[in-house]
Structure formats: structure tokens, C-alpha cells
Amino acid sequence: AYTGAVVGPWPAVLEAAETSLRYQAWGLLTLCLDVFTHGLTPETGLDVLAFAVAYGLAQVSRTAEDYVLATFPTVVATPAFLDLPAHLLIRLLRSDGLNVLHELEALEAASRWLKANGDGREDLTREVLSSVRFALMSGQELKKIPSVTAGVADPGLLRQLVVESLAPMAQLPCR
């Protein structure tokens, strides 16, 4: 019997949404978007965000981004986090709405992502790590930077980013 709802495994819902956009099946798309915005989980939030950004779905993008920012420590632990495009990771890390207890969590997330995706590209490493707000770190957190970023970034680059981050301290908003 018809229920007026889209159900099924997550990849099938994503495929249905993509197909509904391609064939302009607006009724199906509306049902899929309802699943996207009301059924967000740490495992699906990044997929919804990437999908919404790719297809220019601003309202769904805002909803998914707000969810990912609010649940960031949990989202980072999912396998989907490592598949996140660089531009979305940078956008999340730079957001004032990023919900982390300590800024070291943002650095740990960036380091984990770079280990999986950085491929030794210094330009990408610099851009991702410059999105971390080193100025919000305590002295103890600053001491942990070398161990958290081991194998990810050159110590000289890290030192430079920390110094640059501390320079405009008066203009830096809190998270």
C-alpha cells in the first residue's frame, strides 16, 4: 500500500533523490528531501550536505550543515568523514558554529582527514590546518600539536600557522 514515504537503505534514498532531480520527479524529490532533513544521523549528515551543495539545494544544505556542526565530534568518527570534499571540510572548520569542546578536536579531525586525503600536498595541508583556530587552544593543547599532526604536516609549517593565528587575536570570534 502507498504510504507517501521513501524508505530503504541509505544509498537507495540518495540514488532516488538524484534520479528524481535528473527526471524532474518533484514529488519523489520532496519525499527524499523530507528524509534528508528529518532523518539526519551522524552517518548520513555529510552525505546530505555534499548532495545538497552539489545540487544547489540551499535549505537542505543549511539544515545538514547545522546538524553536522552541532554533532561534529560524532560525525568525525564516521567513515563518511574521510570522504568529505576538502572545500566542505574547510567550510566546517572555519564556521563559528562548529561544536567542539576544545579546539584540539578540530585539529584532530583535520589531521585525520589529511592522513587519508592529503597525499603530501602542502597547499591543501596549509589550507585545511589554517582553518583550525590555534589561538583558542590552551597551553596544554598547544603542546599536543606535534603529536596530533605527526606525519601530516611539516613542523615549520605548523609553527608558522600557530604564529599567524595568534597575531589577529582581537578579531577572532569564539566558537
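The values are calculated or read from the model by the stated rules, or taken from the named source; none is laboratory data. None of the values given here were measured: they were computed from a predicted structure. Here Cβ is always computed from backbone atoms with ideal geometry, including for glycine, and neighbour counts include all displayed protein chains. For accessibility, only protein heavy atoms count, side chains too; no ligands or nucleic acids. Shrake-Rupley method; radii C 1.70, N 1.55, O 1.52, S 1.80 Å.
Summing +1 for each Lys or Arg and -1 for each Asp or Glu among the other residues whose beta-carbon sits under 13 angstrom from that of Pro79 gives -2. Placing unit charges on each Cβ (+1 for Lys and Arg, -1 for Asp and Glu) gives the chain a dipole about its Cα centre, and among Val13, Pro73, Val53 the Cα reaching farthest toward its positive end belongs to Pro73. Placing unit charges on the Cβ atoms only, positive for Lys and Arg and negative for Asp and Glu, gives the range 74-147 a dipole magnitude near 100 debye about its Cα centre. Using heavy atoms of the protein chains and a probe of 1.4 Å, the accessible area assigned to Arg126 is about 80 Å².
What you get for the chain, charging only the Cβ of Lys and Arg (+1) and of Asp and Glu (-1), is a dipole of about 300 debye around the Cα centre. Per residue of the chain, the DSSP helices (runs of n ≥ 4 H) give a summed -39500 (n - 2.57) that works out to -18500 deg cm²/dmol at 222 nm. Neighbours of Ala52 by Cβ distance under 14 Å: Lys/Arg scored +1, Asp/Glu scored -1, total -3.
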